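Reviewing the structure listed below.
Derivation of every value follows stated rules applied to the coordinates shown; laboratory data play no part. Keep in mind that what you see is a predicted model, and the values were worked out from it rather than measured. Because the Cβ atoms are built from the backbone with ideal geometry, glycine has one as well, and the counts that use them run over all protein chains shown.
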Amino acid sequence: MRFHVLGPLAMSEGQETVVLQPSKPANLLAALLLHSNTVVSSDYLQRMVWGDTQPATARAALQTCVLRLRRLFTRHGVLDAAIEAVPGGYRITANAGSLDLVDFRETVVGARAAEDPETELALLRAALSLWQGAPLPNVRSGALHRDEVPRLVEERLAAQTRVCDLLLALGRHGAALVELWGHTRAHPDHGRFREQLIEALYRSGRQTEALAECRRFKEHLARELGIGPSAALRDLELAILRGEALGPVAGAAAASAPPALPPVPWFTGRAREVAVLVDRLGAPAEAPVLELVCGAPGIGKTALVQHVAHVARDRFPGGRLLVRMTDAAGAPRPAAEVTAELAAGLPAPGAGWALLLLDDVADAEQARPALAAAAGCAVLITSRRKLAGLIATHGGRVHRLETFAAEESHALLAAVLGGDRVAGEPVAARELADRCGHHPLALLIAAARLMTRPALPLADGARWLADDPLAHLALTDDPGMSVGRVLAAALDRLDPGLAEAFLTVGRLPSPVVGAADCAGLPGFAEPVAEAAAVLERLADAGLLEDGPPGPYRVHELLRLYAGHADRGRVRAREKV
């Protein structure tokens, strides 16, 4: 049996195809297939099935949906695509033979790795032939069409854009025109398709038509979007007006170039960690270089590895590539999607040693396919977890980040606010750092808020922050810059039992806790040994410091958040 999501949600066996009718189980199946081979959390599935407003019985109803889906599979003889119940959610396994999306992505990866443009073109055409129209029109899930379908559409557009680049590079201007007339009318705001169409017309000797198309696009941009043409379009129009010969096809070579990694703004502190990592990223070695930077949410893992990559940039002639391992919602990205990005971004063989940054790895299983695809590269990994299993199988060293030392906090405040302003109020600066718990994200947010208020004394800022730290440690114009949101996202990654255990720990009167303090409390089993295992899982998730065998510590901001989250749960129960 083969599943289809690149068009209507359907199942096929030979010449027989069953297009599923809109239903809650269809929503569930689509969500599982879009994240095949990974654990999909129950919370995410509930959102995809019922939307953002879910019934009170959503968890039980989800189990009923799974049961109905399994019965549907049995009715149609689907025996090799079991829906597994796993801790925290569900998983469905698929490969290129059983799911068109996996087939598409693997074919695109193969195309990117092709040694000649003809082979790449043929493989991309084969990948695009798997599409049967707009994705999932028979799936009535607003959340899925809002959060997932646009990404599928972008993958298709990227492949179509690359096909047209290859046609132009191979001199097949007529074939490119046939495709581009359709693409530009279907996607009138897609700037690259318009540029390719103008190029194809001009390279075909149709200068007047090329200029007319250029004029139409500029008028469209001004009328519909209120913006002017891009620099690339202006340069192209000027070259056509002058009758100049165009250079290599725009985007043909750049498609495989890794993106630049700019310096990290306001980076301070971590001198020892920077020195150690830069030293480890020396000359290419026989054994792969793998370094893991782990720690709590917002502790500065990504900033550190990006800074190290910038400092050591001259050592990597093959380039530096940053790959986000989670999506915007914090869910792990599918392995096929990550490997496709790697195939497009990593240098060709012989280009020189390259550095790969895998940012926010969810677990060891997610990282292994990416490491296999990037064999021969130096790799920096960030994760909230210690990934002991990955280190055991792939080697490498672990660097666990803690909160800033007092002098590092002072340096960050001085970097953002200016040395004179901080030196003028040394006591207030220390109090501000203490209020932030010397937590890098909290310090950066507090400093950014004060930077926009240059006349506000630091002492007033510290007192204001003390009134409600979680509410004030957020930037209103950037939802991602919020301590509360970052910690909420971290809690959402945990299974419900472990999340309850964290809230329990946060309610305890002391920030120093041991297994004996927690045994028998909500989220913890009665035996001390089992309670110790739960605490270690929380530490592995970056939510506790220190231990074992000594006691664990809860950072004050995490204690504040635990109390805040618990009060929210109480209010929710009172409303019910």
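All other residues whose Cβ lies under 13 angstrom from that of residue 263 are scored, Lys and Arg at +1 and Asp and Glu at -1, for a net of +2. Residues 208, 393, 107, arranged from fewest to most other Cβ atoms within 10 angstrom of their Cβ, appear as 208, 393, 107.
Determine the shape class of the stretch 156-207: with a ≥ b ≥ c the square roots of the Cα gyration tensor eigenvalues, call it rounded for a/c under 1.5, and otherwise prolate if a/b is greater than b/c, oblate otherwise. Oblate shape, in that a/c is at least 1.5 and b/c is the bigger or equal ratio.
Along the stretch 31-38 the Karplus relation, 6.51 cos²θ - 1.76 cosθ + 1.60 evaluated at θ = phi - 60°, assigns HN-Hα couplings of 5, 5, 5, 5, 10, 4, 6, 10 Hz to successive residues, with x for each Gly and Pro.
Under the combined filter of DSSP loop state and at most 15 neighbouring Cβ atoms within 10 Å, the stretch 1-82 retains none of its chymotrypsin sites (Phe, Trp or Tyr not before Pro).
Run the numbers for residue 151 and residue 93: contour at 0.36 nm per residue of separation, minus the present Cα-Cα distance, in nm. All intermediate terms of the calculation are to be shown ahead of the outcome.
On the way: separation 58, 0.36 × 58 = 20.88 nm, distance 2.06 nm.
Here the segment from residue 151 to residue 93 would lengthen by 18.8 nm.
Only Cα sites of the stretch 275-397 enter the Debye sum here, all with the same form factor; the resulting log10 I(q)/I(0) across q = 0.11, 0.17, 0.23 1/Å is -0.32, -0.82, -1.59, listed in q order. Candidate cross-link partners of residue 386 among the aspartates and glutamates, defined by an alpha-carbon separation under 18 Å and a same-chain spacing of 8 or more, comprise 273, 291, 359, 360, 363, 365, 402, 495, 536, 540, 545, 546.
Mean shadow of the stretch 371-448, computed from the convex hull of its alpha carbons, in nm²?
With every direction weighted equally, the projected area is 7.0 nm².
Projecting label points 7 angstrom from Cα along Cα→Cβ for residue 466 and residue 375 puts them 6.0 nm apart. Site pair residue 85 and residue 220 shows an inter-label distance of 5.1 nm when each label is modelled 7 Å from Cα along Cα→Cβ. Close amide H contacts of residue 399 (hydrogens built in the peptide plane, cut-off under 5 Å, sequence separation of 5 or more or a different chain): 292, 293, 294. Which order do 136, 560 fall in if you start with the one that has the fewest other Cβ atoms within 10 Å? Final ranking by Cβ density, sparse to dense: 560, 136.
Footprinting exposure proxy ranking of 154, 179, fewest other C-beta atoms within 10 angstrom first, gives 154, 179.
Based on the Cβ-Cβ distance from residue 512 to residue 181, what FRET efficiency comes out when R0 is 60 Å, to the nearest 0.05? Write down the numbers at each step before the final one.
Details: r = 69 Å, r/R0 = 1.15.
Efficiency, from the Cβ-Cβ distance: 0.30.
Think of it as helices only: each DSSP H run of n ≥ 4 in the chain is worth -39500 (n - 2.57), and spread over all residues that comes to -16000 deg cm²/dmol at 222 nm. Close amide-amide hydrogen proximity is noted between residue 99 and 3, each under 5 Å apart and 5 or more residues distant or on a separate chain (H modeled in the peptide plane; Pro and chain starts excluded). Peptide packing for 236-243, 143-150 was compared via the average number of neighbouring C-beta atoms within 10 Å per residue; ordered from the highest value, the list is 143-150, 236-243. Rounded to whole Å, the principal axis extents of the Cα atoms in the stretch 37-127 read 56, 32, 21, largest first. In the chain, Cα pairs under 8 Å separated by at least six residues give a relative contact order of 10 percent.
Electrostatic tally near residue 45: other residues with Cβ closer than 14 Å to its Cβ, Lys and Arg +1, Asp and Glu -1, net -2. Express in whole angstrom the spacing between the alpha-carbon centres of the stretch 424-444 and the stretch 155-188. Value for the Cα centre distance between the two parts: 54 Å. The residues neighbouring residue 154, those whose beta-carbon lies less than 15 Å from its own, together hold a net charge of +1 under the Lys/Arg +1, Asp/Glu -1 convention. Relative to one another, the C-alpha centroids of the stretch 503-522 and the stretch 190-214 are positioned 67 Å apart.
Close amide H partners of residue 38, meaning residues 5 or more places away or on another chain with modelled amide H under 5 Å apart, are 92.
Using only Cα atoms and rounding to the nearest 10 degrees, what angle (0 to 90) does helix 556-575 make with the longest principal axis of the chain? That works out to roughly 80 degrees.
Cα convex hull, the chain: 200 Å³ per residue, rounded to a whole number.
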